[in-house]
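Engineer: If you scroll down you'll find the structure; I have some questions about it.
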Amino acid sequence: MKKLKIGISCYPTVGGSGVIATELGKLLAERGHEVHFITSSVPFRLDRVYPNIYYHEVEVNQYSVFQYPPYDLTLASKMAEVAKRQKLDLIHVHYAVPHAICAILAKQMLGNDLKIMTTLHGTDITVLGYDPSLKDIIRFGIEQSDLVTAVSDDLVRQTCELLQTDKAIETVYNFIDERVYTKLEVDDLKKHYHIEEDERVLIHISNFRPVKRVPDVVRSFAKIVEKVKAKLLLIGNGPDLEIARQLVKELQIEDKVLMLGNQKHIAELLSMSDLMLLVSEKESFGLVALEAMACGVPVIGTQAGGIPEVVVDGETGYLCKIGDVDCIAEKAIDLLTDDHRHETFSLKGRKRVKEVFCSSLIVAEYERLYYEMLGDS
Ligand code: GMT
């Protein structure tokens, strides 16, 4: 098969969609394709020089006549320019708005048959899809894309239902780079954080938006520490961080909660953890749950969105109803006090990641879809 020239647009800052887009680009480049990132800043996971990867910055100029800088128009124009100059075969956009719309505009500007693949990541549908001012344009972006994928079956279902579209949408699950997400030897790390050897470590990683229900994490943990000697690591930053801090104070568990902000070396933090809490009310996939399982950490999740497609209830973790703090605490205590079950869940989680979500499988699936879209299958 001929090697492809692929443009990728995504939100380059911290966030699951940007992580997947960047990791996909890196792995496609390793497989010999030429990858062109067209983004507003260097994607944060593009942390060194990679052969076959090029970066094209979308620079938005500020003019006094504009109340809002025209990012979308600049992005569309940049996509058209890069596609023409680099002779791209396709543009793969992550997140429907504005990226899919910009790619469609770029294609019209070029007047050629540039192929567009759109990957839906969740909030572009489950939050923005409810906004009457965006719903029609999101549907337009999806229907005008040559191929559309979503990161879980649940997101496919929600998209078709909410947008009333019968466009075929393929599920392509998220993946992790197993060279990075694996259980590491981190003996000194617990000591570094003043965590005692016999203390269990729970971890929550998110952007602290209301959909993540961080107060439920804190309330469950307060119940867990009544029974189990433990510490909670809160990783990330966002609007509900202060609410969480206040709650930690109210519940008088300040000495047991470490708020570490955004962190780069997630695999190390996961490797010293015993349990992840991901108890969101919306979650199209839950990439952090996958990262946890890859590092041997079972997950207590909610029956929300795509989480049940990642975490198998009673095998790689447990699932509770959204907001059911008692269930979360009970299941957590159950796992943290039964070493044999914990070990079994940990092993099953790692096995599931290898069998279902391994990078080589998923990247090959995207490649297959690219060739199919280009008529080269
Ligand atoms: O988790 C977030 O809110 C960030 C968001 C994003 O756009 O990066 O994450 C979404 O995409 C991730 C990658 O596909 C998924 O793992 C997350 O589940 C999804 N978030 C939501 O659906 C809330």
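The values are calculated or read from the model by the stated rules, or taken from the named source; none is laboratory data. These numbers come from a predicted model, not from an experiment. Heads up, the Cβs are rebuilt from the backbone with ideal geometry, glycines too, and the neighbour counts pull from every protein chain shown.
Engineer: Regarding residue 263, is this residue of a type outside the set (D, E, K, R), within 16 Å of the ligand (Cβ to nearest atom), loosely packed, with under 15 Cβ neighbours inside 10 Å and assigned by TED's automatic domain parsing to the domain that holds residue 347?
Structural biologist: Considered against the rule, which asks whether it is of a type outside the set (D, E, K, R), within 16 Å of the ligand (Cβ to nearest atom), loosely packed, with under 15 Cβ neighbours inside 10 Å and assigned by TED's automatic domain parsing to the domain that holds residue 347, residue 263 comes out as yes.
Engineer: Which pairs turn up if I take residues in the range 280-295 that are without any contact (Cβ under 8 Å) to a residue 40 or more places away in the chain and look for partners that are outside any loop (DSSP other than H, G, I, E, B) and near the ligand (Cβ under 10 Å from one of its atoms) with beta carbon separation below 9 Å, at least 6 apart in sequence or on another chain?
Structural biologist: Partner pairs satisfying both residue conditions: 286/16; 286/278; 286/307; 286/310; 289/278; 289/307; 289/310.
Engineer: Does at least one position in the range 341-352 carry a residue that is within 15 Å of the ligand (Cβ to nearest atom) and assigned by TED's automatic domain parsing to the domain that holds residue 227?
Structural biologist: no
Engineer: Look at the range 1-27 and say how many of its residues are in contact with a strand residue (DSSP E or B) (Cβ under 6 Å, 6 or more places away or on another chain) and either part of a strand (DSSP E or B) or away from the ligand (no atom under 16 Å from the Cβ) (or both).
Structural biologist: 5
Engineer: Next question, about the same structure. Count, please, the residues in the range 54-96 that happen to be farther than 21 Å from residue 374 by Cα, under 25 Å from the mean Cα position of the chain (by Cα) and among the β-branched types (Val, Ile, Thr).
Structural biologist: 1
Engineer: Here's something else I'd like to know. Pairs, please: C-beta under 6 Å, at least 6 apart or cross-chain, first residue under 24 Å from residue 285 (Cβ atoms) and in the range 212-223, second charged (D, E, K, R)?
Structural biologist: Close Cβ pairs satisfying both conditions: 213/281; 214/240.
Engineer: If a residue must be closer than 19 Å to residue 232 by Cβ and either touching a Phe, Trp or Tyr at 6+ places or on another chain (Cβ under 9 Å) or crowded, with 23+ Cβ neighbours inside 10 Å (or both), how many such residues does the range 274-292 contain?
Structural biologist: Of the residues in the range 274-292, 11 are closer than 19 Å to residue 232 by Cβ and either touching a Phe, Trp or Tyr at 6+ places or on another chain (Cβ under 9 Å) or crowded, with 23+ Cβ neighbours inside 10 Å (or both).
Engineer: Of the residues 159, 165, 149, which is among the polar types (S, T, N, Q) and in a helix (DSSP H, G or I)?
Structural biologist: 159
Engineer: Shifting gears a bit: Within the range 139-159, which residues are acidic (Asp, Glu) and over 11 Å from residue 122 (Cα atoms)?
Structural biologist: Those that are acidic (Asp, Glu) and over 11 Å from residue 122 (Cα atoms): 143, 146, 153.
Engineer: Can you work out which of the residues in the range 308-352 that are touching a residue at least 24 places away in the same chain (Cβ under 8 Å) and of a type in the set (Ser, Thr, Tyr) is surrounded by the most Cβ atoms within 10 Å (Cβ to Cβ)?
Structural biologist: 316
Engineer: Going through 22, 39, 13, 74 one at a time, which residue ends up being among the β-branched types (Val, Ile, Thr), surrounded by fewer than 22 Cβ atoms within 10 Å (Cβ to Cβ) and closer than 29 Å to residue 208 by Cα?
Structural biologist: Within the list 22, 39, 13, 74, the selection yields 13.
Engineer: If you don't mind, another one. If I ask for residues that are surrounded by fewer than 16 Cβ atoms within 10 Å (Cβ to Cβ) and not charged (D, E, K, R), which ones from the range 110-122 would you list?
Structural biologist: 110, 111, 112
Engineer: Return the residues of the range 224-267 that are touching a residue at least 24 places away in the same chain (Cβ under 8 Å), over 30 Å from residue 46 (Cα atoms) and not in a loop (DSSP other than H, G, I, E, B); say none if nothing qualifies.
Structural biologist: 224, 230, 231, 243, 244, 247, 248, 256, 257
Engineer: Looking at the structure I just gave you, is residue 91 in the same structural domain as residue 9 (by TED's automatic domain parsing) and modelled with pLDDT under 95?
Structural biologist: Judged against the criteria, residue 91 is not a match.
Engineer: I'd like to know if the range 13-33 contains one or more residues that are over 23 Å from residue 360 (Cβ atoms), at pLDDT 95 or above and of a type in the set (Ser, Thr, Tyr).
Structural biologist: No, the range 13-33 contains no residue that is over 23 Å from residue 360 (Cβ atoms), at pLDDT 95 or above and of a type in the set (Ser, Thr, Tyr).
Engineer: Follow-up question, since we're still on this one. Cβ-Cβ below 7 Å, separation at least six or inter-chain, first residue in the range 17-29 and under 10 Å from residue 359 (Cα atoms), second more than 9 Å from the ligand (Cβ to nearest atom) and among the charged types (D, E, K, R): which pairs?
Structural biologist: 23/45; 23/177
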